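Since every read-out is calculated from the coordinates, none of them should be taken as a lab result. Quick caveat, the model's predicted, so the values are computed rather than measured. As a convention, Cβ positions derive from the backbone with ideal geometry for all residues, glycine included, and neighbour counts pool all protein chains shown.
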Amino acid sequence: MSYLSAAHSVVEPLPWAKRIAGALVALYAIISIVPLLWILVTGFKAPADAVAYPPKVVFEPSLEGYVNLFTTRSRQTPEYVASLPPAETWYDTLVRARGMVIAGPSKFAERYFNSLVIGFGSTFLAVLLGTLAAYGFSRFRVPLKDDLLFFILSTRMMPPIAVAIPIYLMYREIGLSDTRLGMILLYTAVNVSLAVWLLKGFIDEIPREYEDAAMVDGYTRLQAFVKVVLPQAATGIAATAIFCLIFAWNEYAFAVLLTSGAAQTAPPFIPIIIGEGGQDWPAVAAGTTLFLIPIVVFTVLLRKHLLRGITFGALRR
Amino acid sequence: MTPPPSATPIADQAARATPQPVAARLRGISDRALAWWFIAPTVLLLLAINIFPLLWTVWLSFTNYKANRAGRGAPWLALDNYHSLLNDADIWLAMQVTGHFVFWSILLEVVLGFGLALALDKRFRGHGVWTTVILLPMMLSPAVVGTFWSFLFQPQIGLFNYAVGYFAGVDPGAFQMIGDVPLAPWAIVIVDVWMWTPYVMLICLAGLRSVPAYLYEAAEVDRASTWRRFCAITLPMVLPFLMLAVLFRAIENFKMFDMVNLLTNGGPGSTTEVVSITLKREAFEKWRTGYSSALAVILFVTVFGAANIYVKALNALRNR
């Protein structure tokens with residue numbers, strides 16, 4: 001498609017059309033980004049400011065949301081709080097000012113860590129399997145190739161909730177329920193389809209002549225794959241890995257249905273952060289912020305490959 | 001995508017002409033074996049974690065199994081579950097709710113997404129940065145999105161209510177997007193449109209950029225009006241891309257679970273209870289495993305059929 005990329009060079013839009021288009025796009029972008037900025041800001045509000053009416057744009061920044069996110073606290077009588085030795089840390093002081101003491105760490109750090117382990121573990125496996133299979137589909141004559149490729153992609157479209165029941169039963173039988181390994185295998189299975197399709201697109205673009213030349217020079221097919229194709233596909237492999245990581249990071253349906261403790265990731269945890277008298281919005285916003293930051297960074301890194309990623313490698317630019 | 005015969009490596013041709021044992025010694029592992037070793041792990045994993053559970057779902061759908069009473073066995077019911085499903089008013093209601101959600105979210109996403117793509121295609125200064133900003137929502141976790149939108153939708157204190165109140169001159173405490181029966185179905189549409197308009201936009205933009213410049217040049221020569229150019233060139237060229245986006249969004253929204261689960265959890269009443277939420281209730285709250293499996297099969301067959309069309313469309317566009 002590259003020869004088409006200069007499509008509009010001849011028919012240049014008029015300056016005023018450009019200006020109006022730019023203004024409309026900017027307006028949409030600003031409206032659509034406001035909810036995200038609002039969450040970012042809410043994470044730094046004191047609870048009373050977070051639920052104030054009218055909504056407060058100017059407020060005294062507070063780290064209470066983040067403190068509440070990482071700790072569990074218990075309410076004490078003022079006499080008890082006064083009887084304690086002086087607070088040692090700023091967050092102790094903050095919590096005591098609310099008439100509470102820190103009872104211990106919350107589960108957020110654990111859940112976040114689970115998200116990291118399961119995300120990176122499943123991404124590594126999916127990309128490993130996906131690279132091999134994509135190379136196989138790209139270079140070899142495979143019987144029923146198109147059917148196999150369709151089969152692989154169709155598994156990704158499967159509604160998680162439709163297979164959650166038997167996976168739940170199966171994992172219960174073989175002792176994988178609520179384990180990180182179980183979730184890694186599950187997310188690998190979901191991501192491998194994307195990895196195969198995306199990587200096949202990337203590998204198709206690497207000229208076969210490179211491997212042929214290497215094999216004429218005495219490399220075996222396997223050596224040519226490792227020493228010639230893999231380095232050429234490095235960008236594609238990195239982009240694919242980020243897509244897999246984002247999916248595993250964001251996944252909620254399987255996580256909420258199949259995990260409850262040891263292997264629970266952050267997405268099912270963040271919505272149930274409760275304070276005294278209902279949802280602790282600054283803490284939820286703080287957790288959301290910490291959870292979304294990696295995604296924002298990755299999106300910026302991936303922006304050139306996004307189209308490819310969302311169309312399973314079919315559309316390139 | 002099969003290569004022309006001339007592209008077959010000489011070594012391959014030689015290996016094929018050579019007796020098998022000799023070829024193996026020449027090449028280490030034969031290509032055929034290598035292809036198998038490369039592809040088999042993926043296929044086996046998918047068989048174990050996707051296809052096996054799926055077949056299990058199909059089997060369960062013919063029984064009266066209850067996952068919370070595993071010891072009781074599973075009486076064979078044949079097609080009874082399907083029969084009662086089709087006569088279950090709640091299921092039809094869920095289908096209606098899902099239909100409303102799919103139709104309106106996709107319609108709005110197409111209008112907004114196509115409009116944005118047309119605007120971005122004017123390549124004004126800074127369009128790259130704005131594009132990245134606009135794309136952000138679709139990369140986020142639907143669960144987290146559902147959670148924080150439920151904060152924005154709070155009556156009185158929610159930013160959404162405040163903004164609507166401010167611009168429309170109504171009391172922001174007078175309506176609850178996720179609590180009022182007439183409004184809740186629109187709450188899930190709004191959040192979905194916020195999240196997925198960028199998706200439609202990105203694919204439409206690819207469509208617009210695939211239009212060869214000579215078509216516009218020819219239109220220029222013919223002095224075709226802007227409107228005529230849009231109808232005769234832009235629209236037909238972008239339509240296949242648009243259909244691809246619509247099909248994929250339809251599949252995704254038909255099985256929508258996470259965002260709705262956290263935003264409204266099907267409520268108030270069952271006004272936003274899309275099919276996946278019904279399925280969750282039947283399977284993991286009422287523990288009617290057999291019955292919910294039948295619903296899962298219906299959901300899956302529909303998605304599978306749509307996926308088939310989607311892949312055909314995908315291949316058609318790829319090979320253009």
What is the local net charge at A:Leu84, summed over the other residues whose Cβ is closer than 11 Å to its Cβ (Lys, Arg +1; Asp, Glu -1)? -2
Taking a ≥ b ≥ c as the square roots of the Cα gyration tensor eigenvalues, with a/c under 1.5 meaning rounded and otherwise prolate when a/b beats b/c or oblate if not, the stretch B:80-318 comes out oblate
For the stretch B:157-162, 3J(HN,Hα) per residue [Karplus equation, 6.51 cos²θ - 1.76 cosθ + 1.60, θ = phi - 60°, Hz, x = Gly/Pro]: 7, x, 5, 4, 4, 5
Filtering GluC sites (Glu not before Pro) in the stretch A:64-170 by DSSP loop and by at most 16 other Cβ atoms within 10 Å leaves A:Glu88
Quick check on my link table: of A:Lys145/B:Lys255; A:Lys107/B:Lys66; A:Lys145/B:Lys312, which ones sit more than 22 Å apart, alpha carbon to alpha carbon? A:Lys145/B:Lys255; A:Lys107/B:Lys66
Gaussian network model of chain A, springs between alpha carbon atoms under 10 Å - residue of A:Ala134, A:Ala266, A:Ala23 with greatest fluctuation: A:Ala23
In whole percent, what relative contact order does the stretch A:104-238 give with Cα contacts below 8 Å and a gap of six or more residues? 36 percent
Kirkwood Rh and Cα Rg combined as Rg/Rh, the stretch A:1-156: 1.22
Once the Cα gyration tensor of the protein assembly as shown is diagonalised, what are the square roots of 5 times its eigenvalues, in whole Å and ordered largest first, as equivalent ellipsoid semi-axes? 43, 34, 27
Give the distance, in whole Å, between the Cα centre of the stretch A:172-198 and the Cα centre of the stretch A:286-314. 21 Å
For n ≥ 4 DSSP H runs only, could you compute -39500 (n - 2.57) per run for chain B, divide by its residues and tell me the 222 nm figure to the nearest 500? -21500 deg cm²/dmol
Table column - 3J(HN,Hα) (Hz), the stretch B:296-313, Karplus curve with 6.51, -1.76, 1.60, x for Gly and Pro: 4, 5, 4, 4, 5, 4, 4, 4, 4, x, 5, 4, 4, 5, 4, 5, 4, 5
Set of lysines near A:Lys304 by C-alpha distance (under 20 Å), chain-local residues within fewer than 8 positions excluded: A:Lys200, B:Lys122
What would the Debye equation give as log₁₀ I(q)/I(0) for chain A at q = 0.12, 0.13, 0.16 Å⁻¹, counting only Cα atoms as equal point scatterers? -0.99, -1.08, -1.29
Using just the helices of chain A, give the 222 nm mean residue ellipticity in deg cm²/dmol: DSSP H runs with n ≥ 4 each add -39,500 (n - 2.57), and the total is spread over all residues, rounded to 500. -20500 deg cm²/dmol
Long-range amide H partners of A:Gly275 with built H, under 5 Å: A:Asp280
Low-density loop GluC sites (Glu not before Pro), the stretch A:148-237, at most 16 other Cβ within 10 Å, DSSP non-H/G/I/E/B, are A:Glu205
Could you give the distance between the Cα centres of the stretch B:268-320 and the stretch B:137-164, to the whole Å? 26 Å
In the stretch A:22-82, what chymotrypsin sites (Phe, Trp or Tyr not before Pro) fall in a loop by DSSP, with at most 16 other Cβ atoms inside 10 Å? A:Phe59
